[in-house]
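The values are calculated or read from the model by the stated rules, or taken from the named source; none is laboratory data. Values in this document were obtained by computation on a predicted structure and should not be read as measured data. A quick note on method: Cβ atoms are made from the backbone with ideal geometry, for glycine too, and the neighbour counts reach across all protein chains shown. Note: areas computed on protein heavy atoms with side chains; ligands, DNA, RNA excluded. Shrake-Rupley method; radii C 1.70, N 1.55, O 1.52, S 1.80 Å.
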Amino acid sequence: MSASLKLNFAGIDFINPFILSSAPPTNSREMIERAFEEGWAGAIIKTLAYDLKQTQNVNPRISAVKHNNMIIGFTNCELGSTKSVDVWLEDIVKIKKNYPQNVLMASLLHTEGLVEKQWKEVAKKCEEAGVDGFELNFSCSHGMAESGGGSSIGENEDLIKKVISWVKDTTCLPVMVKFNAMVSNISQKVLVAKESGADAVSGINTIRSLNGIDIYNFIPYPQVDGESCFSGYSGAAIKPIGLRFVAQIAKDVNIPISGIGGITNWKDAAEYILVGASTLQVCSAVMYNGYKIIKSLTQGLQKYMDKMGFNEIKDFVGLALPKIKRHNDLNRNYKLVSTVDLDNCNGCGMCSIACRDSGYQAITMSDSNKPIISEDKCDGCGLCHSICPKDCIMLIRRKMRNDVM
């Protein structure tokens, strides 16, 4: 029997762990329903605003981040949903009627002064319309943060307590809090959220950034009528930051976690689960590949689980956490040295250049243009192994005096 992707997260049943983040891919009922048809388990509505004046977008607002002309991510300064709460309330009813087995959550964020009435009113109306839960946006890194919402809430313990209490006083539905990766002392903030009634946390949101500068007219990207602003960075490159965020919370606070940040394939999803996430939110990969990516995500994750002998998602949540230690506690009583598979080496010399100019000068090139490694000089840093385009450099363990083999 194949592994099951079904799970219960914060009291909500999911047919699989994959959720569309509150972002451009969840901007309308039609989009969400198409995603559900493809196999997405859940979707979080693009963040609702009490007043649409708070979500007046600029053009353009999305800009690709490229390396060697390949897209590796996006920056955006997009705000919340441009559809009114009343329109969304009608759409929520229709979505839940058409797709009762799929999870639909509302993302809440209000700016211009944090008015208690706004949070409570929208939460109550969304609950009555049929949402399955809420995600509180304490993480937006641009526009809304500048107006007193988003990440400005997530940095303030008093505001975290206050807003969560407003929503929890209004609804009995599960409430998840979305944090930004740059929040100081994140474990303490999550603990405060949990003690204030949060049922789960999610993260990371985009990272405050500047995509680049047109070096001829001096205008940053995206260029909005000759000017620009800081934007939120998303995509594959932020995965290491997202993994750290999830792992740090999972090690310190016992609370369900929805992992976000650079998930582009099933392996990324498995990594997030191994460091403590139970559900997985995706945005940039959908912006680049469309909703159909869900097929490879679910099929790949299920095959991995079958191979590893995991029957359910919960069987491998957090299995990597015991291997994450303090730097000072890592073993220093052995040495690694590099060795080369000469049969597969193409003689590019990248390892020699890197070691010469950024390492320990342990690699020289032979007359036949093959690397020669001096074990006496090699410090085992891993740079040559990391940059080899043919994966033909390996690190071999050498016993040292205090090493226990």
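Brief remarks on what is shown
- 1 or more residues touching a Phe, Trp or Tyr at 6+ places or on another chain (Cβ under 9 Å): qualifying strands (runs of 3 or more DSSP E) within region 303-405: 393-399
- Residues of region 74-103 classified as in a loop (DSSP other than H, G, I, E, B), out of contact with any helix residue (DSSP H, G or I) (no Cβ under 9 Å at 6 or more places or on another chain) and at pLDDT below 95, total: 0
- Taking every residue in region 355-366 that is surrounded by fewer than 16 Cβ atoms within 10 Å (Cβ to Cβ) and pairing it with any residue that is in a helix (DSSP H, G or I) and not hydroxyl-bearing (S, T, Y), at least 6 positions away or on another chain, the pairs with Cβ-Cβ distances below 8 Å are S358/L383; Q361/C355.
- Filter result (among the small types (G, A, S) and surrounded by 17 or more Cβ atoms within 10 Å (Cβ to Cβ)) within region 321-353: S338, S352
- Selection within region 197-211 - assigned to a loop (DSSP other than H, G, I, E, B) and over 24 Å from V163 (Cβ atoms): L210, N211
- The single condition among (1) modelled with pLDDT under 95; (2) open to solvent by 60 Å² or more (accessible area, probe 1.4 Å) that S209 does not satisfy is (2).
- Hey, A123 farther than 22 Å from P25 by Cβ and buried (at least 19 other Cβ atoms within 10 Å of the Cβ) or not: yes
- Contacts under 8 angstrom Cβ, first residue in region 164-192 being in a strand (DSSP E or B), partner surrounded by fewer than 20 Cβ atoms within 10 Å (Cβ to Cβ), 6 or more apart: V175/K168; V175/G197
- Taken over region 212-245, the criterion of being outside any loop (DSSP other than H, G, I, E, B), at pLDDT 90 or above, more than 16 Å from V65 (Cβ to Cβ) and open to solvent by 40 Å² or more (accessible area, probe 1.4 Å) is satisfied by R244 alone.
- Per-region count, region 45-73, residues within 30 Å of V103 (Cβ to Cβ), touching a residue at least 40 places away in the same chain (Cβ under 8 Å), open to solvent by less than 70 Å² (accessible area, probe 1.4 Å) and part of a loop (DSSP other than H, G, I, E, B): 3
- Leading residue by the ranking (nearest to L342 (Cα to Cα)) among those in region 367-391 that are open to solvent by less than 60 Å² (accessible area, probe 1.4 Å) and of a type in the set (A, V, I, L, M): I373
- In region 257-270, the residues that are part of a loop (DSSP other than H, G, I, E, B) and crowded, with 23+ Cβ neighbours inside 10 Å: G261, G262, I263
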